[in-house]
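Bear in mind these aren't lab numbers, they're just calculated from the coordinates by the rules spelled out. The structure presented is a predicted model; accordingly, all values stated were derived computationally and were not measured. As a convention, Cβ positions derive from the backbone with ideal geometry for all residues, glycine included, and neighbour counts pool all protein chains shown.
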Amino acid sequence: MKPMMYTMLAALFLNVQIAFADKDFPVKPEELPIKAKEFITTYFPKTAISFSKKEVEVVVTGYEVIFTDGNKIEFERDGAWKEVNCRYSEVPTNLVPVKIATYLKEYMPNHKVLKMEKKKKGLKLKLKGGIDLLFSTEGTLLKMND
Amino acid sequence: MKLFLHISTRVCIALFLLFSIWGSIFYYVIIGEIIDEMDDSLENYSEMIIMRKMAGEELPQSDNGSNNYYYIRDISQLAYESQPHIVYADTLIYIEEREETDPARILTTLFKDGEGGYFELNVATPSIERDDLQRSILVWIIVLYLTMVVLITGMNLWIIYNSMKPLYRFLHWLDQFTLGKQNRPLTTNTSVTEFRRLYDSANRNTARMEQMYQLQKLFIGNAAHELQTPLAVAQNRLMLLMENGNLNEEQMVEIGRTCETLQQMTRLNKTLLLLSKIENGQQFELSTIVINNIIEELCDTFDEIYATKEITLSIEADSLIRVTMNESLCRSLLVNFIKNSYVHNVHNGQIIIILNSSYLRISNSGKQQALRSDKIFQPFYKENTSERSTGLGLALCQAICKMYNYQLEYSYEQGIHSFTVVWKEPLLL
């Protein structure tokens, strides 16, 4: 009976620990996953990093980088990008898939892409002027709201 | 403790433990989740400010009327490099607008710009609401916990008690069951397989017991009865032989001894028959008997027989004691006790008979050793291997006492053996 009780108590405290462990921790830019570092050097070569951190929920669940020009990128735990937020400038044009870029050039040439986000269904784009677009992974438009 | 209470108690203890553990885990997980949510909102707020600051956009008002609150200050490179970049803390902050100090959750973030500037950003949100929430969650968890424990305990008691009803019915039936009497069969009124099996096997076994008991009774009664005649015939023939035959001295002595053995056998047989009658619950005719007379008469007889032992006899009787018994059974009882007290006595010994309204005690001197009180009332148990003893005397006494609900006790003290018959309902005159 006694060992069981101890195990249960231990489990209880462990659980509490886990519950409280959902926090952010600072991470140096050079400690980011290789994939993430490559992404940054490819698409954001000039800008310096102001602040970078990792999100921890028992294990590392993701990374986040804020550049000195106010852009923000979120990464998955393996370093693949999840969200590119360039609210105060523009998402690098070479990052937008070709099919979507052509679509945008054709129908909305005056709207800059501020934010790009990977969703389950595909890619979600936020354009200047408050237009939200959802593209499938193949590049066809699924949803639009403006 | 009743079975259903026993089971319920155990279930309750288990539930109590499990629920306590569940409740505490639940509470801490919920609280953790709340703190997480709060931290998440602080993180978002902090990111938003850093992004704006970096982009050179206008920052929101420090105290914008919402609960969130922030301030940015420049720090040295040394401070930036020596301090952790993300710190969560619970402290007290002074809120100017309300002019009071409140507990708050603070997230401190260090960051830098491209031109070698280093900044410290503090974002805070008051935790008063969180504390309130925490308290009310705790209260509700306790309330829920107690309600659940009480409800489940009650439900358990009720369910188990109802499920166990056939068992209690069975036990009740078993208590009323007496071998050799008219017993009602146990009717099956349950659909539970285990109980049906229990009922079935109880019915089967009691029926078999009953049958065996009847057969045994019949056999003992018949055997003893059938032996009576041959024994009498054999005795008579030997008598005739002694009277008519031209026998010499030696043969006469031998036949005399055989007759004695046969008499012994007849006695044994009679006792056995009587014992079997009593145990079969046969009804004996009752009459009111004055015990004093019988005792005196028997004592006179045995005093003469065992005159050579020179035994001192004293009878202490308060008054005339009357009991309602069958006369011959009463006589057998007293004969056995008084005869025993003479037979097992020592030379120059003594016998004390005390008779009063509540008991009859016959004490005699004898062997300097107590008899085995657990064995002496068993049939055919003999302390010594005397030929004249049947080993049935005390067994018969006990059977008679049991039939009339008298208590029979044996005690030994300093060489005096005492047998006491306690009348339950003494009739005093």
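Work through the residues other than B:Ser127 whose Cβ is under 10 Å from its Cβ and net out their charges, Lys, Arg +1 and Asp, Glu -1. Show your work: numbers first, answer last.
Values: positive: B:Arg105, B:Arg130; negative: B:Asp90, B:Asp102, B:Glu129, B:Asp131, B:Asp132.
Net charge around B:Ser127: -3.
Other protein chain C-beta atoms within 10 Å of residue C-beta, averaged over A:61-68: 3.
Near B:Phe377, once Lys and Arg are set to +1 and Asp and Glu to -1 for all other residues with Cβ below 12 Å from its Cβ, the sum equals +1.
Other residues whose C-beta falls under 12 angstrom from the C-beta of B:Tyr213 contribute a net charge of +1, scoring Lys and Arg +1 and Asp and Glu -1. Amide hydrogen proximity for A:Val27: with H placed 1.01 Å from N in the peptide plane, the residues at 5 or more positions away or on another chain lying under 5 Å are A:Ser52, A:Lys53, A:Lys54.
Averaging the Cα positions of each part gives two centres, and for the stretch B:36-57 and the stretch B:307-354 these lie 113 Å apart.
Ordering B:Leu396, B:Leu42, B:Tyr410 by Cα displacement along the dipole of the protein assembly as shown toward the positive end leaves B:Leu396 in first place; charges were set at the Cβ atoms of Lys, Arg (+1) and Asp, Glu (-1). Of interest is the spacing of the C-alpha centroids, which for the stretch B:218-280 and the stretch A:25-49 amounts to 123 Å. Of all aspartates and glutamates in the structure, those lying under 15 Å Cα to Cα from A:Lys35, and not within fewer than 8 positions of it along the same chain, are A:Glu64, A:Glu74, A:Glu76, A:Asp78, A:Glu83. Residues A:Met116, B:Met252, ranked from the fewest to the most other C-beta atoms within 10 Å, line up as B:Met252, A:Met116.
Measuring against 20 Å, Cα to Cα, the residue pairs A:Lys119/B:Lys112; A:Lys115/B:Lys53; A:Lys53/A:Lys82; B:Lys217/B:Lys339; A:Lys23/A:Lys126 contain A:Lys119/B:Lys112; B:Lys217/B:Lys339; A:Lys23/A:Lys126 as the ones spanning a longer distance. In degrees, nearest 10, range 0 to 90: what is the angle between the Cα axis of helix B:291-305 and the longest Cα principal axis of chain B? Taking the Cα atoms of chain B, the angle to B:291-305 is about 60 degrees. Against chain B, whose longest principal axis is taken from its Cα atoms, helix B:327-343 shows a tilt of about 90°. For the stretch B:220-232, the Karplus equation 6.51 cos²θ - 1.76 cosθ + 1.60, evaluated at θ = phi - 60°, returns couplings of 4, x, 5, 4, 5, 5, 5, 6, 3, 5, x, 5, 5 Hz by residue, with Gly and Pro reported as x.
Rounded to the nearest angstrom and listed largest first, the equivalent-ellipsoid semi-axes of the stretch B:1-95 from its Cα gyration tensor are 52, 16, 11. Within the straight-line cut-off of under 20 Å between alpha carbons, the aspartates and glutamates reachable from B:Lys402 are B:Asp175, B:Glu279, B:Glu285, B:Glu327, B:Asp374, B:Glu425, sequence neighbours fewer than 8 places apart in one chain being disregarded. Sorted on the mean count of surrounding Cβ atoms within 10 Å across their residues, most packed first, peptides B:395-405, B:34-44, B:194-204 read B:395-405, B:34-44, B:194-204. The ratio of the alpha-carbon radius of gyration of the stretch B:102-226 to the globular-protein estimate 2.2 N^0.38 Å is 2.76. Roughly how many whole Å is it from the C-alpha centroid of the stretch A:91-146 to that of the stretch B:139-207? Their Cα centres are 72 Å away from one another. Near A:Lys128, which aspartates and glutamates are there with a Cα under 14 Å away, not counting those fewer than 8 places off in the same chain? In chain and number order, the partners are A:Glu90, A:Asp146.
Close amide H contacts of B:Gln378 (hydrogens built in the peptide plane, cut-off under 5 Å, sequence separation of 5 or more or a different chain): none are found. When only Cα pairs below 8 angstrom with a gap of at least 6 residues are kept, chain B shows a relative contact order of 10 percent. The angle between the Cα long axis of helix B:128-163 and the longest principal axis of the Cα atoms of chain B comes to about 20 degrees, rounded to the nearest 10.
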